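S.K.: Mind looking over this structure? Questions follow.
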Amino acid sequence: MKTLKPILLLITGVLLTFMSCRTEDDLAIDPPVEDTIEANSTIALLMSNVATNDGSYDNIIDNASCLSVQLPVTVTVNGIEITVNDDDGYEDIEDIIDLFDDDIDSIVISYPITVILPDFSTVVVNSDTELAALTANCVGENEDDDDIECIDFQYPITASIYDQNNDLINTITISNDNEMYDFIEDLDEFAAVTINFPITVILADGTTLTINTIQELINAIEAADDSCDEDDDNDFDDDDCDNCTTNDLDTVFADCFEWTVDKLERNDNDLEDNYVGFVFEFNSDGTILVTQGTNSFNGTWEASGTGNNISVAININGLPDFNDTWNLHEIEQDDDEVDVDLRLGDDRLRFESDCSSGGSIDDTALVNALTNGDWYVTYFFDDTDETLDFADYVFNFASDNSATATDMSGVTNGSWSTSSGDDTDIELNLNFGTSIPLDELAEDWDVLEVTNDIIRLKDISGGDGSEDFLTFEREPFDGGNGNDDLEAILTDGLWIVSSYFEDADDQTSDYSGYELDFISDGTVTASNGSNTNNGTWAILSSGNQMTLDFGSDLPFEEFNDDDWDVISVSSTEVIIQDVSGGGGGTDTLTLQKL
């Protein structure tokens, strides 16, 4: 006989006491036969499957629906360490994975962890190998497990226990799935058991049913089985629109006036670069207006359905790449951006908008400089320095958002526009078509620096996350590069921290009195007379990036980073900036020469 659980020990004790004290005057109370639950019966198996531990909600971590990982758990996602304390942590993991579409994602678990099995027992797991041995017992990724997730019990539920003489010996209260699972597992320990009806069950859509008999409960569970997506596969993002409505889509299109194409993939071809500078306006009357420089395109859109089954039909005259009936995959909103993600099989279409008032931003300085005179590419970096490819071109940007690139072979027409940047306040959207090498410029470039004489830009690749750099200047390329004098500037004298901000948090006072000495051998010291921080530094990407590392020395350990973006450089001031890969916060450090 198996070991009795605490609830059984209590019942058994009550039973022995009751039987020893029973007299001939005691009356037998027959259990209602129609409400009796027997071990291994149809209703017992169905109730067990409803109560069994659901392990599908954390498949993004363990890839197994038959078990779950006990929280908290620490994982490293694409190099970023996070601790999952609740359901929001799973969304944080997904957000990191969704940062780039074409990279190789990795989730590394920090062991040991505790795993909860279907019967709610737990196992300590110390390695990927041990976890794989447990998950091997799960059914295949695209198969359904025995767990029934489309219906739940509303607790508490009471049950009556009878002895061999049909005498009622106890009434127990079941408060959660774990207790219900144990209760069903132990039915063979009792002479007779009944559920005290009525009880309430909760369906997948949130509605409830009142159940009055065993047969009604059987019917309800069997009807609910497979009536919803139990999410037993490892497609962690296929439920992102569970609560979406067409009204949600109407609202974001009404609130956000200018939309750009963040992702467009058709038949395994990435096409978003073809639509840099195209601005989409989705109107409440179902019409679409697309503008690109002086060009315009008209179309229609219509949404229907609910949840993960919302269809969005798009038809734009002259832009066939967009024309189809798409499935609404997700509406993602944060403080300064809204994304509408559409899917059709393996094809993808994602629009984004900064949702600022009228879609406009304060880009006066950029527009005034850009549209005033000719420009030359003096630096272009895409994995390697490719500046020479553009040495013969003269660029001109007109106020009507048209542009030209002229070399000895003739004029190439293009377009430009501005919008809110991903890592900076402003981005410059360029498109000169598909001719080589001008096709390389078709990006949404974050603006790092703007003066009347220089415009410096960067772009984060949507594939591997690498950074490209582009610099326009008034004079043609002379064989130098963007900030090739930065090293000479920093090593010429002493510097102070004139300001340091983490987002809006001014921490400048932490560095008061410190003098920084950048040595040409790659070392740097920061001293205030009583405390000295020793570190290293380097200039990368021809002066467009800078690394700093002070180890654990306080307070300069705050500056440790290998990809500070160089925002501006002069002989007396250097401004660098870093955007966190996790929360997206921005650190800005300004160094001033003594």
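The values are calculated or read from the model by the stated rules, or taken from the named source; none is laboratory data. Keep in mind that this is a model prediction, so the values were computed, not measured. Cβ coordinates were reconstructed from backbone atoms using ideal geometry, including for glycine residues, and neighbour counts include every protein chain displayed.
S.K.: With the structure loaded, tell me whether Val377 is of a type outside the set (Ser, Thr, Tyr), crowded, with 18+ Cβ neighbours inside 10 Å and either assigned by TED's automatic domain parsing to the domain that holds Thr294 or within 17 Å of Leu441 (Cα to Cα) (or both) or whether it fails that test.
M.R.: yes
S.K.: Next question, about the same structure. Step by step: first the residues of region 243-261, then only those that are within 16 Å of Glu337 (Cβ to Cβ) and assigned to a loop (DSSP other than H, G, I, E, B), then the one that is nearest to the chain's Cα centre (by Cα). Which residue is that?
M.R.: Per the stated criteria, the residue is Cys256.
S.K.: From the set of residues in region 458-470 that are modelled with pLDDT under 90 and either surrounded by 20 or more Cβ atoms within 10 Å (Cβ to Cβ) or in the same structural domain as Thr588 (by TED's automatic domain parsing) (or both), which is nearest to the chain's Cα centre (by Cα)?
M.R.: Checked region 458-470; the qualifying residue nearest to the chain's Cα centre (by Cα) is Asp459.
S.K.: So, one more: Among the residues of region 399-419 satisfying the criterion of being small (Gly, Ala, Ser) and not in a loop (DSSP other than H, G, I, E, B), which is surrounded by the fewest Cβ atoms within 10 Å (Cβ to Cβ)?
M.R.: The residue in question is Gly410.
S.K.: Select, from Asp182, Asp188, the only residue that is over 13 Å from Val50 (Cα atoms) and part of a helix (DSSP H, G or I).
M.R.: Of the residues listed, the single one that is over 13 Å from Val50 (Cα atoms) and part of a helix (DSSP H, G or I) is Asp188.
S.K.: Would you mind finding the one in Ala403, Ala398 that is at pLDDT 90 or above, aliphatic (A, V, I, L, M) and in contact with a Gly (Cβ under 6 Å, 6 or more places away or on another chain)?
M.R.: Ala403
S.K.: Which of the residues that make up region 365-398 are farther than 17 Å from Val276 by Cα, assigned to a loop (DSSP other than H, G, I, E, B) and not acidic (Asp, Glu)?
M.R.: Across region 365-398, the qualifying residues are Thr371, Asn372, Gly373, Ala391, Tyr393.
S.K.: While we're on this one: Could you run through region 166-179 and say how many residues are within 22 Å of Gln154 (Cβ to Cβ), in contact (Cβ under 8 Å) with a residue 40 or more places away in the chain and either charged (D, E, K, R) or assigned to a loop (DSSP other than H, G, I, E, B) (or both)?
M.R.: 2
S.K.: Go through region 303-322 and give me each residue that's of a type outside the set (S, T, N, Q) and surrounded by fewer than 14 Cβ atoms within 10 Å (Cβ to Cβ).
M.R.: Gly318, Pro320
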